[in-house]
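Take a look at the structure set out below.
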Amino acid sequence: MRYAQGGGLTDERRAFREKLRMDATERFRQGDENPVIAHDLRVSVRSVQRWRRAWSQNGPRALASKGPASLPLLSDELFAVLERELAKGPVAHGWPDQTWTLSRIKTLIGRRFHKSYTVQGVAALLKRHGWSCQVPARRAIERDETAVAGWVKETWPSVEGPWRRSTPGSSSRTRPDSR
């Protein structure tokens with residue numbers, strides 16, 4: 001996502017930026033130079049150049065806000081429907097266990113609403129509506145500690161690989177030890 005708000009500017013932030021552009025139009029009429037305007041408004045000179053070009057071609061209406069860049073794919077009404085579907089659980093939608101993952105929710109949105117989201121887009125959508133990822137507060141009752149210990153000793157070292165060489169080496173590119 002481009003902005004920290006999770007996918008776009010808020011209405012207040014969009015209004016603030018539009019006010020900056022309108023302040024710049026006043027300065028254009030007064031004949032101020034681009035670097036002076038940029039310094040006073042605390043924006044880049046390049047932005048002021050773009051604004052001046054648009055202003056000179058189409059007037060102040062060219063710098064007016066055009067609203068949000070895109071509307072959300074799921075409206076608040078459709079998100080309420082999605083919440084009801086999520087409350088039914090993954091098993092009701094054909095998955096073998098009771099775990100909602102982002103890719104499963106993405107698939108559910110595609111099946112139910114015929115809308116296409118990325119996994120990151122699903123995460124942003126859920127976060128925007130107050131959802132958060134859930135992490136178990138305690139370990140599972142069925143956890144087999146001996147199996148876990150055996151896996152850590154036998155399987156994990158081959159997956160992770162050695163941290164260091166078994167023989168001393170050199171960081172020099174010209175010495176053969178480093179190859």
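Model label points for residue 61 and residue 99, set 7 angstrom from Cα along the Cα-to-Cβ axis, are 5.6 nm apart. Residues whose amide H falls under 5 Å from that of residue 43, counting only those 5 or more places apart or on a different chain, are absent, with hydrogens built in the peptide plane. Phi angles across the stretch 113-123 convert, under the Karplus curve 6.51 cos²θ - 1.76 cosθ + 1.60 with θ = phi - 60°, into 3J(HN,Hα) values of 10, 6, 10, 10, 10, 8, 4, 5, x, 5, 4 Hz, Gly and Pro given as x. Summing +1 for each Lys or Arg and -1 for each Asp or Glu among the other residues whose beta-carbon sits under 12 angstrom from that of residue 61 gives +1.
At the residue level, residue 128 shows approximately 130 square angstrom of accessible surface with a 1.4 angstrom probe and all protein chains present. Solvent-accessible surface (1.4 Å probe) assigned to residue 56 amounts to roughly 80 Å². Accessible area of residue 19 (1.4 Å probe, protein heavy atoms only, ligands and nucleic acids ignored): about 120 Å².
Placing 55, 131 in order of accessible area, with the largest value first and a 1.4 Å probe, yields 131, 55. Measuring nothing but how far apart in sequence close Cα pairs (under 8 Å, 6+ apart) lie, relative to its length, the stretch 1-152 scores a relative contact order of 16 percent.
The values are calculated or read from the model by the stated rules, or taken from the named source; none is laboratory data. This one's a predicted model, so the numbers in the text were calculated from it and none came from an experiment. Counting neighbours? That spans all protein chains shown, and the Cβs are built from the backbone with ideal geometry, glycine included. Heads up: the accessible areas ignore ligands, DNA and RNA and are worked out on the full protein's heavy atoms, side chains in. Shrake-Rupley method; radii C 1.70, N 1.55, O 1.52, S 1.80 Å.
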